[in-house]
Amino acid sequence: MTSAPLEPFAVTIDFATGALVPDPDVLDRRLADLDGYFVADIDDPGVGAYTVHEVRVPPTGNNLLSSTTVLAPGKVGDEYFFTKGHFHAIRDRAEIYLTLSGEGLLVMALEDGRTVTKEMRPGIANYVPGHWAHRSVNTGTTPLVFYAVYIGDAGYDYATIAERGFPVIVVEGEEGPEVRPNPRYVAS
Ligand code: S6P
Ligand code: ZN
């Protein structure tokens, strides 16, 4: 069955702030929402971690959803701030991240524990194939802003990451960011 055509439209993206015009659906994540995700304890749960600004489109398999994410700089213990990270509920759904400002790392993991980490900086478009969980990490001192485009029915599986963690963590080392095994990772 084919659906009726949508009306073409455009949004304006501020590359520095991630704000959209129009910007009807903004999700606000605080450190409290990341309770249990970091190795160290969170000092101040009220601190803002990231916002997600969604372009409003029906979440169906014939559409492309998109959003900007604005991830604050900061650390909990030695770990840089990150997004929760998720598999897509429909596992094989792919996604593209285009970094607009800031710097960071995109950590991706398969369910068997294999990981790939890629640089995020303005102008880099990262391809996240289906089946790879993905988490963005802000390793810089300014907000990390990126634009994500994904298949509309991808959905979210947060529970697997919440329960098992990612196989690796990103910490501040002597000479910059280091990717290390996550001591709290629960292998399958
Ligand atoms: C959606 C896409 C992004 C993230 C956003 C926040 O498939 O990957 O829009 O939702 O970066 O991360 P998270 O892990 O909290 O959804
Ligand atoms: Zn995703």
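What residue among Asn62, Asn138, Asn126 has the largest mean-square fluctuation in a Gaussian network model of the chain, using Cα springs under 10 Å?
Taking springs between Cα atoms under 10 Å, the residue moving most is Asn62.
Using all Cα-Cα distances in the chain, what percent lands in each 5 angstrom bin from 0 up to the longest?
1, 8, 16, 21, 21, 17, 9, 4, 2, 1, 0, 0
How would you rank 173-179, 82-88, 33-39, highest first, on the average number of other Cβ atoms within 10 Å across their residues?
82-88, 33-39, 173-179
Give me, ordered by chain and number, the residues 5 or more places off Ala19 or on other chains with an amide H under 5 Å from its own placed amide H.
Placed amide hydrogens put Asp14 under 5 Å from Ala19.
What accessible area per residue comes out for region 12-181, rounded to a whole number of Å², with a 1.4 Å probe?
46 Å²
Could you work out how far the C-alpha centroid of region 66-126 sits from that of region 164-178, in angstrom?
Comparing the Cα centres of region 66-126 and region 164-178, I get a distance of 13 Å.
Please report, as a whole percent, how much of the solvent-accessible surface of the chain comes from carbon and sulfur atoms (probe radius 1.4 Å).
That fraction is 55 percent.
Please report the projected area of region 48-111's Cα convex hull averaged over all directions, in nm².
It is 5.7 nm².
Quick one: net charge of Pro22's neighbours, Cβ under 15 Å, K/R +1, D/E -1?
It works out to a net charge of -4.
The values are calculated or read from the model by the stated rules, or taken from the named source; none is laboratory data. Everything quoted here is computed from the prediction, not taken from an experiment. Counting neighbours? That spans all protein chains shown, and the Cβs are built from the backbone with ideal geometry, glycine included. When the accessible area is computed, the model is the full protein with side chains, heavy atoms only, and any ligands, DNA or RNA have been set aside. Shrake-Rupley method; radii C 1.70, N 1.55, O 1.52, S 1.80 Å.
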